[in-house]
Amino acid sequence: MVKTIAVLGAGTMGHGIAHAAMAAGYTTVLFDVSEGQLSTARGVVDGIVKKGVELGKVSAANAHAMFERLTTTADLATAVAHADLVIEAAPEKIDLKLQLLGDLEQLAPAAAVIASNTSALSITEMAAVLQNPGRVGGMHFFNPVHKMKLIEIVRALETTPETIETFESVARQMGKETVLIRESPGFITSRINAMIGNEAFYMLQESVASAHDIDKALKLGLNHPMGPFELVDLVGLDTRLSILQYLHRTLGEKFRPCPLLEQYVKAGRLGRKVGKGVYEY
Ligand SMILES: NC(=O)c1ccc[n+]([C@@H]2O[C@H](COP(=O)([O-])OP(=O)(O)OC[C@H]3O[C@@H](n4cnc5c(N)ncnc54)[C@H](O)[C@@H]3O)[C@@H](O)[C@H]2O)c1
């Protein structure tokens, strides 16, 4: 049974996952190599909990108990020493993740299960650095974690049913819904999202309709909460392009990135983060 969760990486996803863990009643340890990032993360988590109190969703006593359950550390050995579940949310670089999982072999209890929050990298490759790869799989959370209901649970080649059960029970305790996926590039959501977003760029390139009208059609005609161009501006056009390049390499021709998307990226139109993407902000 999971009592203690260690979250590795306190960035965009790590702090959200740590919040979900502490709110679900787990003793939570948040690790990052950067002390500055840890204090920023603590500030963001505090803000989410305080907002919950203001909105009447969390009682003051509960908020206090949540804060008591969270500790932060820049020492990996301390972070994982008592972990039953380790959730890795470090940068999307395979070498870094392989190193981190290799360290867990030495530092984490042998019975701890390990989840990677990777968006696309091979969890089977990560699991292979451990003596027991069966205890590794994927828990793919969505941003912002406290608002998004889904976790994609990923079964790598050797992930055991017991590991999957642990992920599912923790997800339930966090109040999330799950879907189970055999490891495959882009899982479900990134693969479909990339396909829709790429097709939207092809339509724009062919002057089928304006960006505004394509967005409007998907929102009002298909009930999507955001149009594909609004969404890609939020995700970042460069990020979307690298996902498409990866899916093109692994899944074939149907994911060939649209030349217009490549052109936007070359022009520096990377989305909201730089003030201009498909739209100007
Ligand atoms: N951003 C998203 O919307 C999103 C959604 C789902 C999954 N993901 C995945 O989650 C993971 C983290 O992404 P993010 O957006 O939170 O990244 P981020 O850059 O916001 O945060 C990464 C954090 O990891 C820290 N870090 C660097 N080296 C480390 C190490 N050796 N050990 C532990 N931490 C280290 C960094 O200091 C930083 O705080 C990636 O695998 C990414 O693909 C991201």
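The values are calculated or read from the model by the stated rules, or taken from the named source; none is laboratory data. For clarity, every value in this text was computed on a predicted model and none was experimentally measured. Virtual Cβ from ideal backbone geometry, glycine too; neighbours counted across all protein chains shown.
Please identify the pairs in which a residue from region 193-207 that is not assigned by TED's automatic domain parsing to the domain that holds G227 and surrounded by fewer than 14 Cβ atoms within 10 Å (Cβ to Cβ) has its Cβ atom under 9 Å from the Cβ atom of a residue that is among the β-branched types (V, I, T) and assigned to a helix (DSSP H, G or I), counting only partners at least 6 apart or on another chain.
none
Residue under question is D95, and the condition is that it be without any contact (Cβ under 8 Å) to a residue 24 or more places away in the chain, surrounded by fewer than 18 Cβ atoms within 10 Å (Cβ to Cβ) and closer than 24 Å to G175 by Cβ; does it hold?
Working: without any contact (Cβ under 8 Å) to a residue 24 or more places away in the chain: yes; surrounded by fewer than 18 Cβ atoms within 10 Å (Cβ to Cβ): yes; closer than 24 Å to G175 by Cβ: no.
Here the answer is no, as D95 does not meet what is asked.
Report yes if M126 is in contact with a Lys or Arg (Cβ under 6 Å, 6 or more places away or on another chain) and surrounded by 16 or more Cβ atoms within 10 Å (Cβ to Cβ), otherwise no. I'd like the intermediate steps shown before the answer.
Working: in contact with a Lys or Arg (Cβ under 6 Å, 6 or more places away or on another chain): yes; surrounded by 16 or more Cβ atoms within 10 Å (Cβ to Cβ): yes.
Answer is yes for this residue.
Taking interchain pairs and intrachain pairs at least six residues apart, which have beta carbon atoms under 8 angstrom, with the first residue in region 261-273 and on the phi < 0 side of the Ramachandran plot and touching a residue at least 24 places away in the same chain (Cβ under 8 Å) and the second of a type in the set (V, I, T) and in a loop (DSSP other than H, G, I, E, B)?
Y264/V278; R269/V278
Could you list all residues from region 146-192 that are closer than 17 Å to A23 by Cα and either free of Cβ contacts under 8 Å to residues at least 40 places away in the same chain or among the small types (G, A, S) (or both)? Walk me through how you get there before you give the answer.
Quick first cut of region 146-192, residues closer than 17 Å to A23 by Cα only: 146-151, 167-177.
Answer for region 146-192, where residues must be closer than 17 Å to A23 by Cα and either free of Cβ contacts under 8 Å to residues at least 40 places away in the same chain or among the small types (G, A, S) (or both): K147, M148, K149, L150, I151, E168, S169, A171, R172, G175, E177.
Keeping to region 24-38, report how many residues are surrounded by fewer than 24 Cβ atoms within 10 Å (Cβ to Cβ), touching a residue at least 40 places away in the same chain (Cβ under 8 Å) and of a type in the set (A, V, I, L, M, F, W, C).
Of the residues in region 24-38, 2 are surrounded by fewer than 24 Cβ atoms within 10 Å (Cβ to Cβ), touching a residue at least 40 places away in the same chain (Cβ under 8 Å) and of a type in the set (A, V, I, L, M, F, W, C).
Kindly list the number of the only condition in (1) at pLDDT 95 or above; (2) surrounded by 18 or more Cβ atoms within 10 Å (Cβ to Cβ); (3) within 16 Å of the ligand (Cβ to nearest atom); (4) not in a helix (DSSP H, G or I) that fails for P185.
(1)
Please indicate, with yes or no, whether at least one residue in region 69-83 is surrounded by 15 or more Cβ atoms within 10 Å (Cβ to Cβ), touching a Phe, Trp or Tyr at 6+ places or on another chain (Cβ under 8 Å) and of a type in the set (D, E, K, R).
Yes.
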